[in-house]
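Student: Pasting in a structure now, in structure tokens, and then I'll have a few things to ask.
The values are calculated or read from the model by the stated rules, or taken from the named source; none is laboratory data. All of these numbers come straight from a predicted model, not from anything done at the bench. Please note: Cβ atoms are built from the backbone with ideal geometry, for glycine as well, and neighbour counts cover all protein chains shown.
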Number of protein chains: 2
Amino acid sequence: MNKPVSILQIAQAAGVSAATVSRVFNQPDKVRADTREMIIALANQHDYQPNSAASALRTQRSKIIGVMLPTFGNPVFAECLEGIASQAAEQGFGVMPVTSDYDSERETKAINRLLAKGVDGMVLVLRDPTKAPGLSQLQKQSVPFVLAYNQHPKYHCVGVDGHSEVVRVVERLRALGHRKIAMISGQLSASDRARQRYQGYLSGMQSANLKPLALIEVDFIASDMLALASLLKQSATKRPTALICSNDLLAFRSLRTATQCGLSVPDSLSVVGFDGIKIGQELSPMLTTVIQPNHDIGQWATTLLIQSISGHARTQKPVTHNLECGFRLGETIGSPPTNRSHLARDVF
Amino acid sequence: MNKPVSILQIAQAAGVSAATVSRVFNQPDKVRADTREMIIALANQHDYQPNSAASALRTQRSKIIGVMLPTFGNPVFAECLEGIASQAAEQGFGVMPVTSDYDSERETKAINRLLAKGVDGMVLVLRDPTKAPGLSQLQKQSVPFVLAYNQHPKYHCVGVDGHSEVVRVVERLRALGHRKIAMISGQLSASDRARQRYQGYLSGMQSANLKPLALIEVDFIASDMLALASLLKQSATKRPTALICSNDLLAFRSLRTATQCGLSVPDSLSVVGFDGIKIGQELSPMLTTVIQPNHDIGQWATTLLIQSISGHARTQKPVTHNLECGFRLGETIGSPPTNRSHLARDVF
DNA sequence: CTGTTAGCGCTTTCAT
DNA sequence: ATGAAAGCGCTAACAG
């Protein structure tokens, strides 16, 4: 239980005052080169590290960024967190993440825990930015924050334009010849992302001059894909030929459901995901999906946040960054079965 | 930029000393009930939160736990982190995670960053506990730590007994009739977990009176599964009938490789994973795998760590907890193809 | 049960 | 370029 070295010991060993040692770490140019190097050498030699609590107390900055995500289990957020953490580390910040499990009440509690830990700012992935009580708390205490994957004109946001991405997916499917394109989503009420993607589906269908089909809304937690199953069990002329999934996890489930219904992908059903989580490309068939730049979203959000914290452009206007998505052309989409080939298959 | 309320303001508002307010938060029973409640009311009313930096400075405890993982992207560690974070939160601790990306040098740097942030202790997932330079640093500064998923007699460890779990897998496969059972793994040199599992394979084969096949060692980062592919392309009588994968990610790849080689699973090849990541059960075929209690591993490690931090049983002997694994009987294993059915297929 | 007192280690004017 | 001094907000003896 040996005590760590303090700035004073280094100062004494160097024959200077504590102030000088402090400057070496915080404003190196204000110290003559040779003294600086001597002090650095001494510091290394003694394993000296400035005490973060003392520095935080004095400067009123913890150099810690709070992060709230729905869960670490979804690779989307895990990758995002990686982006946040690496960018933060680069700038000398640590990261303190908490999860809300997609639950509004927990969001509020989580934000408060972060606040109690004295974070300098937060990156938040909210269920719904229009009704998040925690935010007012942040504003009252004027703690900077940036939303990730959310959209809201009044706050800093970093994410993707889910709307137009889904429009493009519809276009692609249309180009392949699909006309009966359905969408499956988690509960729309549970996230603005899901709503945005669904809106994209509607617009896309309209632009493509196709009739949108009823949304298949499933409880994300429960693994019941019954609605989809009963849809897929309809005759080939009635069921959709393509399915747009609001996220990759749902796409995996849909793939499995299709298999269980005896439909082969992509011959009898095309499936497209949204998220681009890496595991999708390891599977057979490889998932076709919209690839979100999760890591970059985290990085950008962090950069933006640290700018806010540092006070550059204070009382700045809210900024929204929508990053470009990629597209993985996997093995789960193809042309829709024609009547002929369909009949042929039945005969066979 | 309104200043947060300090303990002094609450004290004045309540007509007591700062010490009393402090006691309300730290040793509530030492304060008369009515004064305590009055103070709590006042604190809430003013949104008072004890300043964590000040408290950390004074007590020399940050109430933050450092966590080092290879990556957040692997659901195994993401789930573990969730366990750590929830347990930590329960005990009033925050968590500060960093990733090492399976790289020894980064491990050392990451540990130092955590140290610089003044964490009270760490949960570590190391590449190899026998040669981790960072650990000596921790011991020198007597910062408590617990290893997760690693095994080492000299340190606190929480994990699973990969050895005997794999032995059991071999037994299962043997019971199904398999005799040519191969194992595929990431680089053994890259983790003691991989080595432990491989040893389990060897023991298991020996006990089952089977001849172990050469380990298929793949570079985990590169996606080359060539070695496996060439093995699977051999004639049915030469190639293995079952494949034990050292982790689930490898299992997914193996499944894909098998498909690409024209082998159907489980008819022509049985595949077993290790990890039990959740997505495995959403796929078709559902992955058969050993389920590690990742969340519990995180929880236990954290509990143990906080005990060490709190100084209960100081200079205690190192403890190792190996938690029980589960088993998911998915759709990727079955009896090996018999000669008869094999010939039949060839003829067809 | 409550108050007084003395710092925890660092940063930052303000001098020199 | 460097030093002296004050104090960030809180907690833990020690008194009473």
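Student: Quick one: in the range B:231-260, of everything that is within 29 Å of A:F252 (Cβ to Cβ) and at pLDDT below 85, which residue is nearest to the other protein chains (Cβ to nearest Cβ)?
Tutor: Within the range B:231-260, the match that is nearest to the other protein chains (Cβ to nearest Cβ) is B:L232.
Student: Also, I was wondering about something else. For A:S136, all conditions in the list (1) in contact with a helix residue (DSSP H, G or I) (Cβ under 9 Å, 6 or more places away or on another chain); (2) farther than 25 Å from A:M225 by Cβ; (3) of a type in the set (S, T, Y) hold save one; what is the number of the exception?
Tutor: Single failed check for A:S136: (1).
Student: Being more than 16 Å from DNA strand D (Cβ to nearest atom) and at the interface with chain A (Cβ under 9 Å from one of its Cβ atoms) is true for just one of B:E90, B:E82, B:E37. Which residue is that?
Tutor: Answer to the check: B:E82.
Student: State the number of residues belonging to the range A:13-35 that are closer than 29 Å to B:Q139 by Cα and either among the basic types (K, R) or within 11 Å of DNA strand C (Cβ to nearest atom) (or both).
Tutor: 6
Student: Being on the phi < 0 side of the Ramachandran plot and crowded, with 16+ Cβ neighbours inside 10 Å is true for just one of B:L226, B:L231. Which residue is that?
Tutor: Just one listed residue meets the conditions, B:L231.
Student: Residue by residue through the range B:42-78, note down the ones that are within 16 Å of DNA strand D (Cβ to nearest atom), out of contact with any Pro (no Cβ under 9 Å at 6 or more places or on another chain), touching a residue at least 24 places away in the same chain (Cβ under 8 Å) and polar (S, T, N, Q).
Tutor: B:S62
Student: Out of curiosity, is A:V125 surrounded by 24 or more Cβ atoms within 10 Å (Cβ to Cβ), aliphatic (A, V, I, L, M), away from every other protein chain (no Cβ under 11 Å) and away from DNA strand C (no atom under 14 Å from the Cβ)?
Tutor: yes
Student: Sort out which residues of the range A:1-34 are within 13 Å of DNA strand D (Cβ to nearest atom) and either of a type in the set (S, T, N, Q) or touching a strand residue (DSSP E or B) at 6+ places or on another chain (Cβ under 9 Å) (or both), and write them in order of number.
Tutor: Selection gives A:S6, A:Q12, A:S17, A:T20, A:S22, A:N26, A:Q27.
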